[in-house]
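Rule-based calculations on the coordinates, nothing more; no lab input. Since the structure is predicted, the reported quantities are computational estimates derived from the model, not experimental observations. Neighbour counts are summed over all protein chains in view; Cβ atoms, including those assigned to glycine, are modelled from backbone coordinates with ideal geometry.
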Amino acid sequence: MNFQKELDTILQNIEGVPSLLLHSCCAPCSSYVISYLTKYFDITVFYYNPNIFPREEYEKRKEEQIRFIREFKTKHPVKFIDCEYDSEHFFRAVNGLEYEPERGRRCTECFRLRLTRTAYEAEKRNFDWFATTLTVSPHKNAEEINKTGFAIPCTAKYLPSDFKKKDGYKRSIELSEKYGLYRQNYCGCIYSKKNNPK
Ligand code: SF4
């Protein structure tokens, strides 16, 4: 399935400026996605990433996210919602999947955890749409992420994506350089850190 094409079709038919709760994993990934979607949506970035280890890394990525939103000028001002660092939820969600490779079943549960919480907040706060920046990464399975997003029952509509397309990933690197954003060298959880211990 071509999720970029699906997103294009939705964007062509957008009326007005609907609200979008955008789950973001980090500032670099959000940079391109915000620059792309701000023309169409009133965006609120939702930072829910209890997978990130250790806590200092989580805080560092969050601060970069806030700084980017502050410094990046957009058509519609971007808002930010912080969430709690409930890492025990992450460890419970991936229990038994610790040795799975990246892109495996642990990652699917990690996506589900973060998207489910995003959908819950989107419904509670009456957002029109919810989405995630996660598909900008060439290391992540966009099909798996979109399948997970579509499967979550929510009054807000799920916005499918494959943000790495149309040079999205390349653009996120360029924007990261321009804004001097911190770019981590591992995905986030303790298991991905062990596999990339630099
Ligand atoms: S590798 Fe990344 S996506 Fe997979 S479980 Fe760890 S933090 Fe989540």
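Relative to its Kirkwood radius, the Cα radius of gyration of the chain gives an Rg/Rh of 0.93. Mean sequence separation of contacting Cα pairs (under 8 Å, at least six apart), scaled by the length of the chain, corresponds to a relative contact order of 29 percent. The region of the chain that goes longest without hitting one of the GluC sites (Glu not before Pro) in a DSSP loop, each with at most 12 other Cβ atoms within 10 Å, is 99-198.
Taken along the Cα-to-beta-carbon direction at a fixed 7 Å, the label points for VAL17 and ILE190 span 4.4 nm. Computed from Cα atoms, the angle from the helix 105-124 axis to the main principal axis of the chain rounds to 40 degrees. Shape summary of region 53-168, radius of gyration then Dmax from alpha carbon positions: 15.0, 45 Å.
Taking other residues whose beta carbon is less than 14 angstrom from the beta carbon of ARG125, and scoring Lys, Arg as +1 and Asp, Glu as -1, yields -2. Here the simple spin-label model places points 7 Å from the Cα toward Cβ, and for ARG183 and PHE150 these points are separated by 3.1 nm. Other residues whose C-beta falls under 12 angstrom from the C-beta of THR74 contribute a net charge of +3, scoring Lys and Arg +1 and Asp and Glu -1.
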